Amino acid sequence: AKSQGRNTYGFYTEDLTRFASQRLDLETRLRRGLSNEEFVVFYQPVLSVSDGTLLGAEALVRWQPPGEQMISPADFIPMAEETGLIVQLGEWVLREACRQMRAWDAQGFVLPSVAVNLSAEQVRRQDVGTMLLQVLAESGLAAERLEIELTESSLMQQGEKAAMLLDQLKQHGVRLAIDDFGTGYSSLAYLKRFSIDKLKIDRSFIKDLADDRNDLAIASAIVAMANALDIAVQAEGVENDAQLALLKMIGCGSWQGYSCSPPVPPVDFEQRFLLAGFC
Ligand code: C2E
Ligand code: CA
Ligand code: CA
Ligand code: CA
């Protein structure tokens, strides 16, 4: 019994050690990935609901370690946030998206706008306002062409800091979108307090839009509220024509989703969407 106990204990610590070293390993690899430029930005088209024209793109990061499979942000953003590496990573994504927009400008493809995700941890750990304005100035991208996506939870968690950031961004013309709208813990009071330019209806309400009356009621209430408040509204995760038809019916302004395309590398985005100007 004694030896079995020791074995169990031994197995347990080994497991914990493996777990801890896997985490350490991921952190080290993330750090190295940043300095080795192993990250890439993919772009997902944003389209007008009424006529299908290309309005912009959302920039979404991926990790491509050499010789390995591409890693999804869901698998490394949480660790990047925990370790603070999100500060460097987020700044890199922003810089890269702005650079890409200017490169497309130079090629004669003028995409109206690009949306970049900002994590609550960036807002908490860094003076993001100053960083953003600096990156914009360096890239030469007009502030009006940049949209920043923050979740409701980020806004709520970072309270005053977020409020100051939003004021600063507003003053310079950067637009603000609320990501995953309807899923966070929040009050609607911030819609009054902050000047928000766009609500992005979370994919969870769009998924069963054609089959679930409650989802349709929620989506249509969000659209009505946004329209009344003069805030733009965009649907995420649109995967079929039935959803798109309903979005048109309820007056939603723009959409993104697999029904047009998943996020794709810049070259594909150019060939498939920038050349055509629609989906
Ligand atoms: P998100 O900001 O809500 O981005 C939308 C996610 O939905 C993307 O996943 C996109 O590929 C996926 N998606 C788009 N259309 C459809 C659809 O029709 N059906 C389905 N099932 N999915 C769709 P992705 O690229 O894997 O990103 C996941 C999350 O990782 C993002 O969610 C965002 O929270 C985070 N993320 C990605 N890039 C960045 C970044 O640069 N910075 C920060 N802070 N977070 C990022
Ligand atoms: Ca987003
Ligand atoms: Ca979202
Ligand atoms: Ca999301």
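The values are calculated or read from the model by the stated rules, or taken from the named source; none is laboratory data. Remember, predicted model here, so these are calculated numbers, not experimental data. Backbone-built Cβ (ideal geometry, glycine too); neighbour counts: all protein chains shown. Heads up: the accessible areas ignore ligands, DNA and RNA and are worked out on the full protein's heavy atoms, side chains in. Shrake-Rupley method; radii C 1.70, N 1.55, O 1.52, S 1.80 Å.
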Probe 1.4 Å, all protein chains in place: accessible area of Lys207 in Å², nearest 10?
-> 130
Kirkwood hydrodynamic radius for the chain: how many Å is it when counted over pairs of different Cα atoms?
-> 20.3
Cα-centred dipole magnitude for segment 151-197, charges only on beta-carbon of K, R (+1) and D, E (-1), debye, nearest 20 | 160
Hey, in the chain, which Cys have no second cysteine's beta-carbon closer than 4.7 Å?
-> Cys98, Cys252
Under a point spin-label approximation (7 Å from Cα along Cα-to-Cβ), what is the Leu229-Val110 distance to one decimal in nm?
-> 3.1
Checking Gln234, Gln22, Gln44 against a Gaussian network model of the chain (alpha-carbon springs below 10 Å), the top fluctuating residue turns out to be Gln22
Segment 21-88 versus segment 154-204: alpha-carbon centroid distance in Å | 22
With R₀ set to 45 angstrom, the calculated FRET efficiency between the beta-carbons of Lys192 and Glu68, to the nearest 0.05, is 0.45
Ignoring GluC sites (Glu not before Pro) buried by more than 11 other Cβ within 10 Å or outside DSSP loops, the longest site-free run in the chain is 69-279
Is any residue of segment 194-217 close enough, with backbone N under 16 Å, to a label point placed 7 angstrom from the Cα of Asn240 along the Cα-Cβ axis, and if so, which?
-> 204-213, 215-216
For Asp25 and Ala143, compute 0.36 nm times the residue count separating them, minus their Cα-Cα distance, and round to one decimal in nm.
-> 38.7 nm
Taking the chain as the reference, fit the longest principal axis to its C-alpha atoms, fit the long axis of helix 213-229 to the helix C-alpha atoms, and give the angle between the two in degrees, 0 to 90, nearest 10.
-> 60
Given unit charges at Cβ for Lys, Arg (+) and Asp, Glu (-), the dipole magnitude of the chain about its Cα centre in debye, nearest 20, is 460
Projected area of segment 46-94, taken from the Cα convex hull and averaged over every viewing direction, in nm²?
-> 4.9
Excluding ligands, DNA and RNA, the carbon-plus-sulfur percentage of the accessible area of the chain with a 1.4 Å probe reads 53
What value, in deg cm²/dmol to 500, does the helix sum -39500 (n - 2.57) over DSSP H runs of n ≥ 4 give at 222 nm once divided by the residues of the chain?
-> -15500 deg cm²/dmol
Of the candidates Gly84, Ala235, Gly173, the farthest towards the positive dipole end of the chain (Lys/Arg Cβ +1, Asp/Glu Cβ -1, centred on the Cα centre) is Gly84
Tabulate in residue order the Karplus-calculated ³J(HN,Hα) for segment 43-60, using 6.51 cos²θ - 1.76 cosθ + 1.60 with θ = phi - 60°, rounded to whole Hz; enter x for Gly and Pro.
-> 10, 10, x, 10, 10, 6, 5, 6, 10, x, 5, 6, 9, x, 8, 9, 8, 10
If you stretched the chain out fully between Gln88 and Ser35, how much longer would it get, using 0.36 nm times the residue separation minus the C-alpha to C-alpha distance?
-> 18.1 nm
